[in-house]
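Have a look at the structure below before the remarks.
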Amino acid sequence: MAISLLPRPFISLRTSKSFDLSPRVFSLRLSCSSSSNGSAGNQQVSSNPEKRSFAAATGDMFIGVASRLLKRVKDVEAEKERRVITSPGFSFSAAGLLFPYHLGVAQLLIEKGYIKDTTPLAGASAGAVVCAVITSGSSMWEALEATKVLADDCRRNGTAFRLGAVLRESMEKLLPDDIHIRSNGRVRVAITQVLWKPRGLLVDQFDSKSDLINAVHTSSFIPGYLAPRPVTMFRNRVCVDGGLTLFMPPSAAAKTVRVCAFSASSFKLKGIGISPDCNPLNRATARQVK
């Protein structure tokens, strides 16, 4: 079960919207007073309803305002729900070093207008890195060049125990300083908290650029590859790669299209929206993937 590390944002009851009360009460009282037959007794009685009508109108005004305020939380929640379901979200799977596949898919989805500036995103491991790149506004070609540099570094100097430092350096160069602001509430990063039983966590609020990079680094933490230790610490929690528990984490949208860098049929994965199976004629073999 995936949970967020931060509580839900506080919903304030304060609002700047003005309340235009209907004149129904005043018109009703006016019609009642105009139906008087002109007798002295009726004239004496007709003066009282005017006072009562003012009191009733005042009471109705307070009741109307109170009822609107009482519904405000529900209305805010409904508005949030409407904003969430306006478009499907996209989830990018853990992928090892198969960044190019996710980058190619992201490029096409952006070109076709499926991924916009507000589209909810989620990712684990390499998928989390791609989500950060999409949100940063950087082109996928820039990210692809950074991936080539990373891969060349690993080939020349090795991968074991040092991939984490190389990945962090690449993200520091590629991501803008306000990446955490762009990602808050939009991007979900999956990590695995190590307890007596591994638990998947979703992080969608970030304090700074370094905080987001730490989250993505934690989501990608494969023991023995990123650093010479079996686990890493994130916000005082012992964690490892998010793909272990949330291989394709859900986005904040009501519907999430899941993108997998591996063949869904080969791994018998279900509910995959986009994978190499979508293009079987050009699908890479297991040897080519390695």
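The values are calculated or read from the model by the stated rules, or taken from the named source; none is laboratory data. All values reported here derive from a predicted model rather than from experimental measurement. Glycine gets a Cβ as well: all are built from the backbone with ideal geometry, and neighbour counts include every protein chain shown.
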Name the residues in the range 222-242 that are out of contact with any Lys or Arg (no Cβ under 9 Å at 6 or more places or on another chain) and more than 13 Å from Leu201 (Cβ to Cβ), would you? Ile222, Gly224, Arg229, Pro230, Val231, Thr232, Met233
So Pro249 passes all but one of these: (1) modelled with pLDDT under 95; (2) surrounded by 19 or more Cβ atoms within 10 Å (Cβ to Cβ); (3) not aliphatic (A, V, I, L, M). Which condition number does it fail? (1)
What helices (runs of 4 or more DSSP H) lie completely within the range 94-163 and have 1 or more residues being touching a strand residue (DSSP E or B) at 6+ places or on another chain (Cβ under 7 Å)? 99-111, 126-136
With the requirement that a residue be more than 27 Å from Gly158 (Cβ to Cβ) and part of a strand (DSSP E or B), what does the range 191-228 give you? Gln193, Arg199, Gly200, Leu201, Leu202, Val203
The correct count of residues that are in contact with a Leu (Cβ under 6 Å, 6 or more places away or on another chain) and either under 18 Å from Pro228 (Cα atoms) or free of Cβ contacts under 8 Å to residues at least 40 places away in the same chain (or both) in the range 139-186 is 7
